[in-house]
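Novice: Attaching a single structure in structure tokens format; questions to follow.
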Amino acid sequence: MTADSTPIPQDIAPETATEDDRPLGVALARGFRRKCPNCGSGPLLRSYLKVNDVCPVCDEELHHHRADDGPAYLTILIVGHLMAPLLLYVFMTWRPEPLVLFTIFAVGCVGLSLYLLPRLKGAVVGFQWSRRMGGFGAST
Ligand SMILES: [Zn+2]
């Protein structure tokens, strides 16, 4: 799987489109890098979480996305499953002072969440674009 900047051909009518004209893995990887799932070079987001209406490089319409709470849910799922066992391991191994433990894990959880949230939003938008969900299926 490569996430190069080669545009995926879009001259296929939606009704004749196959599953492979928008490869899922490429779209997910480009979305996670916060790049347009179609061309891989245009920025997907115009601020921390706002998705560009159209890609400034390839003019692909991106306003059809309906990411909603999906990225936040995935962020909580990943951060929780990483930090909860790590918290137990650190506590059982080193028995740090409670305030030290709290400070380290509070900063770690917030930092990891802020890192993952826009990337997972990009991946969710890439997934929806790849599977032609919602308005993405109507684009030419
Ligand atoms: Zn693009």
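Each reported figure results from applying straightforward, stated rules to the coordinates on display, with no laboratory input. Please read these numbers as outputs of a predicted model, since none were measured by experiment. Using ideal geometry, Cβ is built from the backbone for each residue, glycine included, and neighbour counts are taken over all protein chains shown.
Novice: Rounded to the nearest 20 Debye, what is the dipole magnitude of the range 14-138 about its Cα centre when Lys and Arg each give +1 and Asp and Glu each give -1 at the C-beta?
Specialist: In debye, rounded to 20, the range 14-138 gives about 380.
Novice: Quick test of the membrane-span-like rule: which DSSP H helices of the chain reach at least 30 Å along their long axis (C-alpha atoms) with mean Kyte hydropathy at least -0.5?
Specialist: Values: long enough: 70-94 (35 Å, 1.53); 98-130 (46 Å, 1.38).
Both cut-offs are met by 70-94, 98-130.
Novice: Moving to a separate point now. Show the residues, 5+ positions off or on another chain, whose built amide H is closer than 5 Å to the amide H of L45.
Specialist: Amide H neighbours of L45: N52.
Novice: Still on this structure, please answer the following. Spit out the partnerless Cys residues in the chain, using Cβ distances under 4.7 Å as the pairing rule.
Specialist: Isolated Cys, the chain: C109.
Novice: A further question follows. Equivalent-ellipsoid semi-axes (√(5λ), Cα gyration tensor) for the chain, whole Å, largest first?
Specialist: After scaling each eigenvalue by five and taking roots: 37, 14, 12 Å.
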